[in-house]
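The values are calculated or read from the model by the stated rules, or taken from the named source; none is laboratory data. The structure presented is a predicted model; accordingly, all values stated were derived computationally and were not measured. No Cβ is skipped: glycine too gets one built from the backbone with ideal geometry, and neighbour counts run over all protein chains shown.
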Amino acid sequence: MTGRTDRAERLIAAPAERLFRCWTDPAMLVHWLPPRGMSGKIEVFDPRPGGAFLIILAYDDPGERGKAGDGSDVIAGLFVKLDAPRHLAFVSRFRSDDPMLQGEMRMDWHFDPVGAATRVRVVATQVPPGISAEDHAAGMGSSLTQLAELVE
């Protein structure tokens, strides 16, 4: 399956080590990763190369169907690389009957120090065509905003 590449970034006034911990601590992750309008629950989380994760993102609006069709997005995947505190990568799949939402997507999170701050860059490759570029940009931007709000 051929997908597109989406990107987002934000300069956050916090050290890379702290931001990397926000990704590898499930208690912190559920506070900032779900885009606004959603809440998160982590079912499986093993942050090491080859380690699995299962994250459920539920829409606050009961009228939203979500990718799983039940008002949620269910994301299952494997961590590919953890190079603390600079880079984290994983591959994931959405649970969905919609062929436009199926396929494996890779996300690379880069934490680049800039003085006392860190430029957080997200690169999503092989994005399923059922995820609009606008919605994906809004979701990634929302997560980055909430990450900044958590640590700044």
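For (1) modelled with pLDDT under 95; (2) surrounded by 17 or more Cβ atoms within 10 Å (Cβ to Cβ); (3) touching a Phe, Trp or Tyr at 6+ places or on another chain (Cβ under 8 Å), each residue gets a yes or a no:
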{"site": "T5", "(1), (2), (3)": "no, no, no"}
{"site": "E9", "(1), (2), (3)": "no, no, no"}
{"site": "R21", "(1), (2), (3)": "no, no, no"}
{"site": "P34", "(1), (2), (3)": "yes, yes, no"}
{"site": "I56", "(1), (2), (3)": "yes, yes, no"}
{"site": "D73", "(1), (2), (3)": "yes, yes, yes"}
{"site": "L82", "(1), (2), (3)": "no, yes, no"}
| message | Going by what's in this entry, would D108 be described as under 12 Å from the mean Cα position of the chain (by Cα), touching a residue at least 12 places away in the same chain (Cβ under 8 Å) and not in a loop (DSSP other than H, G, I, E, B)? | response | yes
| field | Count - residues of region 96-115 that are within 13 Å of G77 (Cβ to Cβ) and modelled with pLDDT under 95 | value | 2
| Identity of the residue in region 50-59, part of a strand (DSSP E or B) and farther than 14 Å from P34 by Cα, that ends up farthest from the chain's Cα centre (by Cα) | A52
| task | Quickly run through region 69-121 and pick out the residues that are aromatic (F, W, Y) and within 17 Å of W32 (Cα to Cα). | result | W109, F111
| Of all residues in region 87-100, which are farther than 19 Å from G50 by Cβ, surrounded by 15 or more Cβ atoms within 10 Å (Cβ to Cβ) and not aromatic (F, W, Y)? | R95, S96
| field | Exclusive hit being in contact with a helix residue (DSSP H, G or I) (Cβ under 8 Å, 6 or more places away or on another chain), over 18 Å from E9 (Cα atoms) and of a type outside the set (G, A, S), set P85, P128, P99 | value | P128
| remark: Going through region 1-35 in order, the residues found to be over 13 Å from the mean Cα position of the chain (by Cα) and in a loop (DSSP other than H, G, I, E, B) are M1, T2, G3, A13, A14, P15, D25
| query | Which of (1) assigned to a helix (DSSP H, G or I); (2) under 16 Å from the mean Cα position of the chain (by Cα) is the odd one out, the single condition M100 does not satisfy? | reply | (2)
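One line per residue, one yes/no per condition, for (1) within 17 Å of the chain's Cα centre (by Cα); (2) within 24 Å of R21 (Cα to Cα); (3) outside any strand (DSSP E or B):
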| position | (1), (2), (3) |
| --- | --- |
| D61 | no, no, yes |
| E64 | no, no, yes |
| A68 | yes, no, yes |
| V74 | yes, yes, no |
| P85 | yes, yes, yes |
| L88 | yes, yes, no |
| T125 | yes, yes, no |
| A137 | yes, yes, yes |
| T145 | yes, yes, yes |
| message | Under 6 Å between Cβ atoms, which residue pairs at least 6 apart in sequence (or on different chains) link something in region 72-92 that is within 20 Å of D112 (Cβ to Cβ) and free of Cβ contacts under 8 Å to residues at least 40 places away in the same chain with a partner that is in a strand (DSSP E or B) and of a type in the set (D, E)? | response | A89/D108
| remark: The one condition G141 fails out of (1) assigned to a helix (DSSP H, G or I); (2) closer than 16 Å to G3 by Cβ is (2)
